[in-house]
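Have a look at the structure below, then the notes.
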Amino acid sequence: MGANSSSISELPENEYLQKLSGSEPISENDPFWNQLLSFSFTTPTNSADLKLLEEATISVCKSLVEKNPRTGNLGSLIKVFLSRTKELKISAECQNHLFIWQAHNALFIICCLLKVFISRMSEEELQLHFTYEEKAGPSSYGAECEDLIEELLCCLIQLIVEIPLLDITYSISLEAVTTLIVFLSCQLFHKEILRESIIHRYLMHGRCLPYTSRLVKTLLYNFIRQERSPPPGAHVFQQQTDGGGLLYGIASGVATGLWTVFTLGGVGSKASAQLEQCSPLASQSLLLLLVLANLTDTPDTPNPYRQAIMSFKNTQDNTAFSSSNPHAFQINFNSLYTALCDQQKSDQATLLLYMLLHQNSNMRTYVLARTDIENLVLPILEILYHVEERNSHHVYMALIILLILTEDDGFNRSIHEVILKNITWYAERVLTEISLGSLLILVVIRTIQYNMTRTRDKYLHTNCLAALANMSAQFRSLHQYAAQRIISLFSLLSKKHNKVLEQATQSLRGSLGSNDSPLPDYAQDLNVIEEVIRMMLEIINSCLTNSLHHNPNLVYALLYKRDLFEQFRTHPSFQDIMQNIDLVISFFSSRLEQAGAELSVERVLEIIKQGAVALPKDRLRKFPELKFKYVEEEQPEEFFIPYVWSLVYNSAVALYWNPRDIQLFTMDSG
């Protein structure tokens, strides 16, 4: 630690950094760049190391911010990088480490500098740092320099989509994705959603636009492949012990003693151990994809990245592309489906799944036609089951995914045909064998009960109940425990209703003698509870009227707790819906009484099954089919953009921002 600290403390005095941030312009042809870019390191991966690095180099960055408008050294560095990238594709094919190594180092420095620049200045000021024009000399940038930002952005996109992903190119591909995220990070430093942005304009128009579909496709494939980082030494240019010619003849000491700090967070650190278990490139690519997909539309141009996500098709789909969308492409749906099933533990993979199901009809149709839908649904249910450990946004996304899936009758039928064995993560009860449909009901009901006792979020209630309502007409062979939980939830609601009613009555009595004290708003609480009770009664009624003969366990649970429903029989809010439930309870109660006392569970179920055939269906009143459809709220960007950037802030590899600078969302305390 001491050595690391001393290395960090020496960075501000480093001669190469001092020259870069000094008062003298450095030509892009100066040998200095070879010296600056000839270093070897393991990029830091955890925020603690990155914080130390940023604090140590802040004086260098401040100096560059101050002097760059006069020296143009940032522009020179970018031009050096652009010149190095021209040979990258050939270098990768020929296994030429040198060009890749120096281009990576140049991009790493650019990314570090950009991150500080963007956090400290407006986009207009940033643009000035890119538009330096030398006052004299034939090598002046001239007018083309005004588009240096666009040239760099375009170069980064080309690098991502065109350079083959090999061990030696992994790091520079990751750095290119990271730099694009940094370019877009200006949103972090604004409370309001950015609707006009110079960087957005460059990415959605001009030279970057033709690469839209290829960029989205490459980022998706990076996510699908989950390529792990190559082992140390496979992608980092290692200094030769003999000081040999790969350093352009520069003394071998250049690479040592300079930037040695970047070995912080290397082998053996906690962050590295975690990264070995995942793919930094896949994770970073997914974050960039989510950021791009959530850029706001401009008045004259809809977001092309969102258009690409909405319209891509399966590689096996031979139908013609619509001429109205130039950004459509094809991708292997089977590979994408498998990756989505495997990665649902992360917020960002759940958010991607939501976007695809909600916005891409091709993908939604494909998912609903899968015969192994349990591979996707089980991870979603596990998110909801561990609601206490998840952030509320992740829970919302998982729940909305279920709601979208339950809009399809085929899904609602098929989930009761999938039989699962030993669900180990479900702790309330041993489930040795249960249908996917019954498990889904159990988890959604548990989520409602958790919400009633903890968060009391009406939005969560509404979506849970909507999913159950969509499924209710297709309930089949409900597991006895699922049937019990449906009635138990109703029991809980009934008790809550009585309690609020009692509080309202007492409060009303207490306030009769005083006209000054305002009444607590029990009426509103009562209204919400009665809405939920009404919905639960409609769900039970829907099952009874559409599939009673398929669900003896629900009828059994209903009869066992028949007293619960007494108080609602004459209630004006529930009278109509109670008619069918009351009829079913009366019909089966009568048959059980005729069968005698002391009946076993098996005998009761047998009588219910026989009675289900004899029940006169025409006596059951018909109600409109329960169908709810998910609709995004107006201005969804107000929710999604802060959410996506909070994921970037918390999950991005090798990126650290000072929490005090963040304006877009409130930081968690502690």
Discussion item. Among the residues of region 185-205, are any under 24 Å from the mean Cα position of the chain (by Cα), under 19 Å from residue 645 (Cα atoms) and among the basic types (Lys, Arg)?
Written reply: yes
Discussion item. Against the definition (buried (at least 17 other Cβ atoms within 10 Å of the Cβ), among the charged types (D, E, K, R) and either modelled with pLDDT of 85 or more or part of a helix (DSSP H, G or I) (or both)), how does residue 28 come out, yes or no?
Written reply: yes
Response to the item:
Among residues of region 55-75 being polar (S, T, N, Q) and open to solvent by less than 10 Å² (accessible area, probe 1.4 Å), the residue nearest to residue 657 (Cα to Cα) is 68
Worksheet item: Are there any pairs, at least 6 apart or on different chains, whose C-beta atoms fall under 9 Å, with the first in region 528-547 and small (Gly, Ala, Ser) and the second open to solvent by 10 Å² or more (accessible area, probe 1.4 Å), and if so, which?
Response: 542/473; 542/623; 542/625; 542/626; 547/473; 547/474; 547/476
Worksheet entry | Candidate set from region 441-463 (those that are polar (S, T, N, Q) and farther than 17 Å from residue 393 by Cβ); member that is surrounded by the most Cβ atoms within 10 Å (Cβ to Cβ) | 449
Item to complete: Answer yes or no as to whether residue 553 is modelled with pLDDT of 80 or more and closer than 27 Å to residue 628 by Cβ.
Response: yes
Practice prompt. Can you give me the number of residues within region 345-364 that are open to solvent by 10 Å² or more (accessible area, probe 1.4 Å) and within 8 Å of the chain's Cα centre (by Cα)?
Written response: 3
Discussion item. Going by what's in this entry, would residue 329 be described as over 27 Å from residue 172 (Cβ atoms) and either open to solvent by less than 30 Å² (accessible area, probe 1.4 Å) or within 20 Å of the chain's Cα centre (by Cα) (or both)?
Written reply: no
Worksheet item: When you scan region 476-517, how many residues do you find that are at pLDDT 85 or above and not in a helix (DSSP H, G or I)?
Response: 4
Discussion item. So, residue 313, is that one in contact with a Ser or Thr (Cβ under 9 Å, 6 or more places away or on another chain) and charged (D, E, K, R) or not?
Written reply: yes
Discussion item. Step by step: first the residues of region 578-600, then only those that are without any contact (Cβ under 8 Å) to a residue 12 or more places away in the chain and farther than 28 Å from residue 535 by Cα, then the one that is surrounded by the most Cβ atoms within 10 Å (Cβ to Cβ). Which residue is that?
Written reply: 599
Discussion item. Pairs needed: first member in region 393-411, open to solvent by 10 Å² or more (accessible area, probe 1.4 Å) and modelled with pLDDT of 95 or more; second member anywhere, polar (S, T, N, Q) and assigned to a helix (DSSP H, G or I); C-beta distance under 9 Å; at least 6 residues apart or different chains.
Written reply: 407/470; 408/470; 409/470
Item to complete: Scan region 578-600 for residues that are in contact with a helix residue (DSSP H, G or I) (Cβ under 8 Å, 6 or more places away or on another chain), more than 30 Å from residue 463 (Cβ to Cβ) and of a type outside the set (Gly, Ala, Ser) and report the count.
Response: 6
Discussion item. Quick check on residue 91: is it of a type outside the set (A, V, I, L, M), crowded, with 21+ Cβ neighbours inside 10 Å and assigned to a helix (DSSP H, G or I)?
Written reply: yes
Worksheet item: Got a sec? Which helices (runs of 4 or more DSSP H) wholly within region 149-239 have at least 1 residues that are touching a strand residue (DSSP E or B) at 6+ places or on another chain (Cβ under 8 Å) and open to solvent by 10 Å² or more (accessible area, probe 1.4 Å)?
Response: 212-225
Worksheet item: Which residues, taken from region 294-311, are in a helix (DSSP H, G or I), touching a helix residue (DSSP H, G or I) at 6+ places or on another chain (Cβ under 7 Å) and closer than 17 Å to residue 205 by Cβ?
Response: 304, 305, 306, 308
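The values are calculated or read from the model by the stated rules, or taken from the named source; none is laboratory data. Only a predicted model underlies this, so the values are computations on that prediction, with no experimental measurement involved. Note: ideal-geometry Cβ built from the backbone for every residue, glycine included; neighbour counts use all protein chains shown. Keep in mind that these areas ignore ligands, DNA and RNA; they rest on the heavy atoms of the full protein, side chains included. Shrake-Rupley method; radii C 1.70, N 1.55, O 1.52, S 1.80 Å.
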